[in-house]
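First the structure, in the form of structure tokens, and then the observations on it.
Any read-out appearing in this document is the output of simple, stated calculations on the displayed coordinates, not a laboratory observation. What you are looking at is a predicted structure, and each value in this text was computed from that prediction instead of being measured. Here Cβ is always computed from backbone atoms with ideal geometry, including for glycine, and neighbour counts include all displayed protein chains.
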Amino acid sequence: MSKYDNMVINSIKSLGLDMINKASSGHPGIVLGFAPTLYALYKDHLNFIPTNPKWINRDRVVLSCGHGSALLYSVLYHAGFDLDIEDLKAFRQIHSETPGHPEYRVTPGVDVSTGPLGQGVAMAVGMALSERYLENIVKKVTNESKLIDYYTYCLCGDGDLMEGISYEALSFASTQNLNKLILLYDHNEVSLDSSTIDTFDEDIEIRFEALNFDIIRVKNGNNYDDISSAIKDAKKSNRPSIIIIDTTIGKDSLNEGTNLVHGKPLSMEDLKNVKEKLKITTEPFELNSNNISYMQNYINNRMQKVYKPWQSIYNQIKDSNNPILNELINLLEKNEFVIDFDDTKFKISDEYNEELRESNHKIMNFISPKSLFFLGGSADLSSSCKTSLDKSSIQTSKNPLGKNIYFGVREHAMGGILNGLALSNLKVFGSTFLSFSDYLKPAMRLSALMNLPVTYIFTHDSIYVGEDGPTHEPVEQLAMLRSIPNFLTFRPADINEILGSWEYILKNNMPSALVISKEKRNKCKNTNAKFVKYGAYMIRKEKYHLDGIIIATGSEVETALNIAKNLYLEDGLDLRVVSMPCMELFLSQNPIYEEQLLPKDIPTFVIEASSTLIWNRFATKEEYIFGIDKFGLSGNKEEVCKYFKFTEKDISLKIKEYLQKDDIVSLN
């Protein structure tokens, strides 16, 4: 290591500490312990262009240990990204470009939002998987092009590897042999509460040996040369790699090597002590311009040799006007996902009656041939969820262009991997049972936070799955899904509404859940794919006088129609029925539309085989909501519904009773 390398590393450390000190908040331990690793990565190996941070062939960096954001921002500044000292002074302040944990689309040079430990590891696996998929599309078309050819580096700590999601994701990465995935493990043996000897004493090398990773050890995490050499070796591997770097948390601090330096700023005394050891004599946020120039000039010279040949390939591809590669470039550069989807081209028999999961399967296979960039899989439930793409194969290391991804029984990892795939703007989906959506919540939250076009397909959506018992009967999950900001939850009533849901999903870049029943259903009268985009619409209009309104979703729409029909014929009660396939879309409409559809002075009921918690927004009274607020039980569907008084007859009698109690006058 030259004296210049040492000076830049110390400058990176000092700036990171200044940010934390000014914010009175942050994690100085990782800044002092892991700076040589990030410096070696960015200076010597990472392919990136600071002035073009979205270059499509850049290497990806995932700071899974997102609490180390001050270190990352300091490195980005030294490397030449579009950050200035005022941005760094605003660390952890509202609306700044340097938030407390890295945020996608906020800070130049940040490829993904991280913070929940372990999620970054799973997303890095997804990013490496997307690289392989896109690379092989290019190879198939051009036979030799290096248009897409990058590494994914995941910076992780002890906490990341303690979280179960990381093991799930890395097991998947091993099975897929993602050799362009490189983990840089900050092995400091300290977590927030204590030394890891109390919580995490397994032999990491043996674990990763079992995973068939290439294992490289750097015993001195302060040795920049050894770290750089290890990264060089990892890039040559034909397997995914982990570089275990033995570091000292808070190196040179008075509390180095302890949890006391993990999650709070250094004292003024300690800050002075560290800066003296680093030989930093300048005022806070004052940097030696020679250090900045040294690092940036080195990177620019290195990247000249990388970028010029790539630019030549890029220009040749653009000039060739190949439709597949142009579509790929537009997808990566402009996030343009183009698909010819028209629900009117999907023919539905008048005698249609089938399980909705089977209808969804047919629609997905209607979509799949239209785009190479529509793919996904299941957590070992594709045969039950009916989400396989029949004309495509299973994606493996030997068959990298398969569009069916077998995630195995790994819901936690599946969600994170899908986010990683979507960060390359792929239109991806993952499926499992609705009751297991809880396993995916952290990943869904990050999908929404980053606004990634991931579609989560959840089948077996209610107590109707009876025989499997309460563990498989979702109750509170729909309320959970609808509570996530910037997230759409579709629960279609029939094949028409499934078509409408997919049309919206494919033409809008938002995360969503598609909740599908395994029940057989007819095509409901008056459902319309084109109206799904409004979130709710009328499917039965009152004939003479509006006595009440029933809102329903999913399978219960057919129930609501039958109830309205029978109450009219038998009691003269004239009811409107509203299907609400997507509450979030409906709430985004003009208030005038809501008033027209759901007049406030009309008794309004809700029927949904799920938690009643969120329906008070629409129902006139709490008792007007017919749902399920208890765990289910094992038995056939009819017995379970009868037990919960959730049959058509039970609900119909209650609605009649409530309307008559409210002095609704019969027309008969």
Let me know the Kirkwood hydrodynamic radius for the stretch 532-661, please, with Cα pairs as the basis and the value in Å to one decimal. 15.0
About its Cα centre, how strong a charge dipole does the chain have in debye, to the nearest 20, once Lys and Arg get +1 and Asp and Glu get -1 at the Cβ? 1860
Distance cut-off 26 Å, percentage of C-alpha pairs in the stretch 470-617 lying past it: 22
Antiparallel as a % of all DSSP beta bridges within the stretch 343-522, to the nearest 5? 10
Would you mind calculating the gained length between N297 and Q93 on full extension (0.36 nm times residue separation, minus the Cα-Cα distance), in nm to one decimal? 70.3 nm
Which order do K275, K621, K251, K533 fall in if you start with the one that has the fewest other Cβ atoms within 10 Å? K621, K533, K275, K251
On average, how much area does the Cα convex hull of the stretch 520-603 cover when viewed from any direction, in nm²? 5.7
At what distance in nm do the modelled label points of N509 and K645 sit from each other, each positioned 7 Å from its Cα along Cα→Cβ? 5.0
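If the viscosity is 1.002 mPa s and the temperature 20 °C, what Stokes-Einstein diffusion coefficient in µm²/s follows for the stretch 399-497 when Rh is the Kirkwood radius over Cα pairs?
Estimated diffusion coefficient is 149 µm²/s.
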Cα principal axis extents for the stretch 1-156, largest first, Å: 53, 36, 26
State, in angstrom, two size descriptors of the chain derived from its alpha carbons: Rg to one decimal place and Dmax to the nearest whole number. 28.1, 96
Loop only by DSSP, 16 or fewer other Cβ within 10 Å of the Cβ. Give me the GluC sites (Glu not before Pro) in the stretch 288-356 that pass, ordered by residue number. E336, E351
Express in % the proportion of alpha carbon pairs of the stretch 194-303 at distances exceeding 18 Å. 68
Fraction of antiparallel bridges per DSSP, the stretch 531-667 only, in percent to nearest 5: 20
Kirkwood radius from Cα pairs of the stretch 289-422 plugged into Stokes-Einstein at 25 °C, 0.890 mPa s, gives D in µm²/s equal to 131
Percent antiparallel among DSSP beta bridges with both residues in the chain, to the nearest 5? 10
Dipole of the chain, positive direction: furthest Cα of F346, I463, Q176, with charges on the beta-carbon: F346
In percent, how large is the relative contact order of the stretch 532-661, given Cα pairs closer than 8 Å and 6 or more residues apart? 26
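Over the alpha-carbon set of the stretch 114-190, divide Rg by the Kirkwood Rh and report the Rg/Rh ratio to two decimals.
Value, to two decimals: 1.07.
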Diagonalise the Cα gyration tensor of the stretch 343-522 and give the resulting equivalent ellipsoid semi-axes, square root of 5 times each eigenvalue, largest first, whole Å. 22, 20, 16
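Arrange the peptides 611-620, 402-411, 417-426 so that the one whose residues have, on average, the most other Cβ atoms within 10 Å appears first.
Numbers: 611-620: 17.6, 402-411: 20.4, 417-426: 27.3.
So the order, starting with the most tightly packed, is 417-426, 402-411, 611-620.
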Between beta-carbons, use under 13 Å as the cut-off and find the net charge around N300, counting Lys and Arg +1, Asp and Glu -1. +4
Considering the stretch 501-557, what Rg and Dmax in Å follow from its alpha-carbon atoms? 13.7, 42
Please name whichever of L481, N57, Y504 sits farthest to the positive end of the charge dipole of the chain, dipole taken about the Cα centre and charges placed at Cβ: Lys and Arg +1, Asp and Glu -1. N57
Under a crude label model (7 Å from the Cα following the beta-carbon direction), how far is K621 from I324 in nanometres? 6.4
Quick one: order Y39, Y133, Y658 by neighbouring beta-carbon count within 10 Å, fewest to most. Y658, Y133, Y39
Binning at 10 angstrom from zero up to the longest distance, how are the C-alpha pair distances of the stretch 286-364 distributed in percent? 13, 21, 19, 18, 13, 9, 6, 1
Cα-Cα over 29 Å: which of K347/K520; K523/K661; K22/K441; K318/K507? K523/K661; K22/K441
Whole-angstrom gap from the stretch 221-249 to the stretch 449-478, using each part's C-alpha centre: 42
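Ranked by Cβ crowding within 10 angstrom, fewest neighbours first, how are V606, V532, V141 ordered?
In order of increasing Cβ crowding within 10 Å: V141, V606, V532.
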Report, in degrees rounded to the nearest 10, the 0 to 90 angle that the Cα long axis of helix 289-320 makes with the longest principal axis of the chain. 50
Stokes-Einstein D for the stretch 65-210 (4 °C, 1.567 mPa s, Kirkwood Rh from Cα pairs), in µm²/s, comes to 76
Long-range amide H contacts for G377: which residues qualify at under 5 Å (H placed 1.01 Å from N, peptide plane, sequence gap of 5 or more or a different chain)? I405, F429, G430, S431
